[in-house]
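Note sheet for the following structure.
The numbers here are math on the coordinates, done by the rules we state, and not lab data. On a predicted model such as this, the values are computed, not experimentally measured, just so you know. Note that each Cβ is placed from the backbone with ideal geometry, even for glycine, and that neighbours are counted across all protein chains shown.
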Amino acid sequence: LREEGSSEGSSGGAASGGASSGAAEQSIAQLQAVLAAAHKYGVLRLLRWAEGQLCDKLSCEMACSLLSLAHVYGATELERNCLAFMKANMANVVKRAEFATLPPEALVKFNMHCAGIEPSEEEPGRKRKRDDE
């Protein structure tokens with residue numbers, strides 16, 4: 001969304017828009033790789049930085065893939081932002097093919113977010129311990 005607004009002032013026209021789109025995709029791919037590496041090596045500060053950068057690049061085209069990525073790497077800030085963006089732009093997001101490929105857990109989180117239900121801190125599928133009498 002930001003690239004569209006910033007390329008309006010350039011005199012390059014459609015050719016420069018295509019080049020900036022390719023550069024934006026490469027930038028997002030690099031940020032996704034940084035997020036994966038930060039998660040793998042446990043570099044929390046870098047993970048949070050990559051999350052913030054990816055949050056700035058949210059669009060209808062990227063929302064579903066970034067939500068899946070956030071789910072895989074436990075990027076809670078990115079997940080929250082993706083869910084809020086998807087809810088605000090639901091009409092456009094649910095039409096995309098990527099929406100149908102979301103993992104079931106991500107779809108449940110999306111539905112819960114849309115319903116205004118906060119996910120519990122307990123692990124899903126785990127039973128509570130009984131209080132001994």
Top positive-direction residue, dipole computed over the stretch 25-103 with Cβ charges, set L44, S68, T101: L44
For the stretch 66-79, in residue order, the Karplus 3J(HN,Hα) values (coefficients 6.51, -1.76, 1.60; θ = phi - 60°; whole Hz; Gly and Pro = x) are 5, 5, 4, 4, 4, 5, 5, 9, x, 8, 5, 5, 5, 4
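Work out how much length V43 to R96 would gain on full extension: take 0.36 nm times their residue separation and subtract the Cα-Cα distance, in nm to one decimal.
On the way: separation 53, 0.36 × 53 = 19.08 nm, distance 3.31 nm.
Extra length available between V43 and R96 comes to 15.8 nm.
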